[in-house]
Amino acid sequence: MGPVKLTKLARMSPGRVTAAFLISGTVHLVRPAVFEQVVPRWLPRRREIVYVSGVAELVCAGGLLAGAPWARKASAALLLGVWPGNLQMALDATAQARGDDRRPRDLAFATVAWARMPLQIPMIRAVLSNGRTRSGHAEG
């Protein structure tokens, strides 16, 4: 198997974003503590923010599945809205990796947290696309 091109890794379809929203939205509601720690510290009522963002992910997923006209822009706005949480996670992971323990696991998590920051760009592009490739055939 040859090397995987970065463009293939960054390619995201609306269907994949929908699946991510379904999974993440469910986890937000079932295990909110997982996400509370990444809500930026300056925001109040972090548990409530986690619940609201989880419901928003599920609503957007439903809208994308149904082809609702509002769903693409709402999904892009949601992805932009949670970006500060991803930044908070990356900053916290970096602080942990620089701590006294300096465990390889902490360094690996910090690396992954920073690597996922730009992932939201292709996700936003995917939900704003019209769901078709350049050749005009529907994407999966």
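Below, the figures for the structure above:
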| read-out | value |
| --- | --- |
| Approximate spin-label separation ALA68-LEU43, in nm, with each point projected 7 Å along Cα-to-Cβ | 2.0 |
| Estimated distance in nm for a label pair at ASP101 and ARG116, the labels positioned 7 Å out from Cα along Cα-to-Cβ | 1.8 |
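Here, each number is a calculation from the coordinates, and none is a lab measurement. Keep in mind the model is a prediction, meaning the values are calculated, not measured. Every residue, glycine among them, receives a Cβ derived from its backbone with ideal geometry; neighbour counts consider all protein chains shown.
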